[in-house]
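Shown next, in structure tokens, is the structure this report addresses.
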Amino acid sequence: MIRRMRVAFFGTPDFAAASLEALLASRHQVVAVVAQPDRPAGRGMKLHKPPVAVVAEREGIPLLQPAKIRNEDFLAAFKSFGADIAAVVAYGRILPKQLLDASPHGFLNVHGSILPKYRGAAPIQRAIENGETETGVSIMRLDEDLDHGPVYSIVRTPLGADERAPELFSRLAEIGGYTLVSVLDAIESGAASAAEQDHAAATFAPKIEKEESDVVWTMSAKSIYDRFRAFDPWPGIRAMVAGEPVKLLDVRPVFEAHGSPGVVVAVDRDSFTVACGSGGLRVLAAQRPGKPRVGGGDYARGARLAVGARLA
């Protein structure tokens, strides 16, 4: 039997934890886990361990959570584990060349897009935002440039017209886990090959900024709906109503609606509809600052939002 691979794993969020779990269920040996430091979260701002660190501690795997990785101490610690290869999944930092060169088989990366499309921090959200009907997971070898290295495997999957970011994250995380294991198997047996990306076709997927949550009513209803799906649960989308920012928690595009962008064109028991650059956006749930979620119709009645009112 071929000796199993000794794998060092770099990752932080739930998306990465799925790949770590897949490795633990495989014949390969996870010799160390590297995750981001614990961060404060919640109302009490208590320190919380990232999901990958939780898995490592549960399994008794050596865990490193360095504040900095660009130093000799961390490099020495990494080398001490004797990893054959490293796997990186949503770790959250750019790795220096001296680290990338420190394992015999290099570093693999699980990336949530069909490379070279959507290189960068938010490939899953940007694919949804741009109305893609197909996405996938790429397993590549890391180099010094952003999502630039040669690709071992791409698994494609349809992207549903109503699929939101949390659902897609979950699906791609599962795909990433079993595909990572299959690539490790191929590398171990000497059967793996990696193809250079078409760098001229590369597109960039920058991280999501909070300011992007503001609805631009001159956009089409479908484009606003795609943003809503992409930005769920954070930062969501919001509109200004009488100078107050209101979160739109559930919306649907209405293609037969007509009117000036940003103007309310219909109010019914369950919702209100706002005209867009083309079509309209039906709001089924909304939330005022500091208030609970309510149905769209209840919000419209409480805010005295009538046909002809304008939202910003």
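The values are calculated or read from the model by the stated rules, or taken from the named source; none is laboratory data. Please read these numbers as outputs of a predicted model, since none were measured by experiment. Virtual Cβ from ideal backbone geometry, glycine too; neighbours counted across all protein chains shown.
How many residues does region 6-55 hold that are modelled with pLDDT of 95 or more, aliphatic (A, V, I, L, M) and either surrounded by fewer than 15 Cβ atoms within 10 Å (Cβ to Cβ) or outside any strand (DSSP E or B) (or both)?
Result for region 6-55: 13.
Residues of region 234-256 being among the hydrophobic types (A, V, I, L, M, F, W, C), outside any strand (DSSP E or B), out of contact with any Leu (no Cβ under 8 Å at 6 or more places or on another chain) and at pLDDT 95 or above, which ones?
The answer is Trp234, and nothing else.
Looking at Ser182, Ser220, can you tell me which residue is surrounded by 15 or more Cβ atoms within 10 Å (Cβ to Cβ) and not assigned by TED's automatic domain parsing to the domain that holds Lys117?
Matching residue, one of Ser182, Ser220: Ser220.
Restricting to region 62-91, give me the number of residues that are touching a residue at least 40 places away in the same chain (Cβ under 8 Å) and either in contact with a helix residue (DSSP H, G or I) (Cβ under 9 Å, 6 or more places away or on another chain) or not assigned by TED's automatic domain parsing to the domain that holds Leu180 (or both).
9
Within region 94-108, identify whether any single residue is among the aromatic types (Phe, Trp, Tyr) and assigned to a strand (DSSP E or B), and answer yes or no.
yes
Check region 260-272 and report whether any residue there is surrounded by 14 or more Cβ atoms within 10 Å (Cβ to Cβ) and in contact with a Pro (Cβ under 7 Å, 6 or more places away or on another chain).
Within region 260-272 (the criterion being surrounded by 14 or more Cβ atoms within 10 Å (Cβ to Cβ) and in contact with a Pro (Cβ under 7 Å, 6 or more places away or on another chain)), the answer is no, since none of the residues qualifies.
Does Ser138 satisfy being farther than 30 Å from Tyr225 by Cα and polar (S, T, N, Q)?
no
Could you please find all residues in region 257-278 being in a strand (DSSP E or B) and either of a type in the set (A, V, I, L, M) or within 12 Å of Val215 (Cβ to Cβ) (or both)?
Once the filter is applied, which keeps residues that are in a strand (DSSP E or B) and either of a type in the set (A, V, I, L, M) or within 12 Å of Val215 (Cβ to Cβ) (or both), region 257-278 yields Val263, Val264, Val265, Ala266, Val267, Val274, Ala275.
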